[in-house]
Amino acid sequence: MKTIRFITLLVAALVMGAFDKPVQAEGKDTRFEALLVAAMAMGSIDSSVQSKNMDARIETSARQSYVFKTYLQGDDILIVSKDGAVTLTGTVAEHFHKSLAQETVAGLPGVKSVDNRLEAKGALASAHSDAWLRDKVKITLLFHRSVSAGTTEVDVKNGIVTLRGVATSDAQKELTTEYAKDVEGVKEVNNEMTVTKPTKKARTVGEKIDDASITAQVKMMLLSHRSTSALNTTVETKRGVVTLYGKASNAAELSLASKLASDVNGVKSVTNRMAIE
């Protein structure tokens, strides 16, 4: 586009100057040189405007993304893009919000790099501690649409997870248990959730979720599960269709990655192109 724009400007300048008498200086046509410089300057200005427009779109798209409006709405995050290089500054409530914000912005069109300078409130829990496990279980449940993270309480003591709250069916309760068990470090899961079936079926309209948010959720979800955390997986999303690339140790791991990704909010379908080592 920049090349076409430049050629157009140059041709227009030459046509406009073709009817003027060239100015000769030491045997050279300085009129042509002046027109060439003018065309290059106009092209440079046009490129600068396009860059500023792209940066503005990146900043707006990030703020309007599903992840920022849903999970990060209470955080104080400043997004600044310059020529596609994005810098994130501010404070977030949870440590995993830092990674979630970065993954979301990195997936936006036009983004070349992300400098994550976000700071989280509170101290980071030590790995495999009860507080660390509680956060991991919450994150795992958060991105799955088949369970209800909002109505699930998670307590951890000595590596044993206790789930309380409300499930809409026995299947949902069982799935919540399975997801919690698949978090690295969890020794056992006691599910004390109450099954309360809805009195009537309410029609719900699915919220449209942008591709960058879907990609970020899938990445965070795969990292949170013990069975898929070690997989070297690349995630791409286009119009809600997720494509997985990378390597799996066996067919079971490959199948599980597809199954888990398909249960993430906003995912329409999953194409798994991972190779089995």
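Where a number appears in this text, it was derived from the coordinates with a stated rule and is not lab data. Remember, it's a predicted structure, so these values are computed and weren't measured experimentally. Cβ sites come from the backbone with ideal geometry, for glycine too, and all protein chains shown count toward neighbours.
Brief remarks on what is shown
- Per-residue Cβ neighbour rank within 10 angstrom, fewest leading, Ser148, Ser169: Ser169, Ser148
- Residues Arg134, Arg117, Arg239, ranked from the fewest to the most other C-beta atoms within 10 Å, line up as Arg239, Arg117, Arg134.
- Estimated dipole of region 138-277 in Debye, rounded to 20 [Cβ of Lys and Arg +1, of Asp and Glu -1, Cα centre]: 480
- With a threshold of 31 Å on the Cα-Cα distance, the over-threshold entries among Lys112/Lys187; Lys187/Lys268; Lys69/Lys136; Lys187/Lys247; Lys98/Lys197; Lys121/Lys259 are Lys112/Lys187; Lys187/Lys268; Lys98/Lys197; Lys121/Lys259.
- Cβ crowding within 10 Å, taken as a proxy for footprinting-reagent exposure, orders Val189, Val80 from fewest neighbours to most as Val80, Val189.
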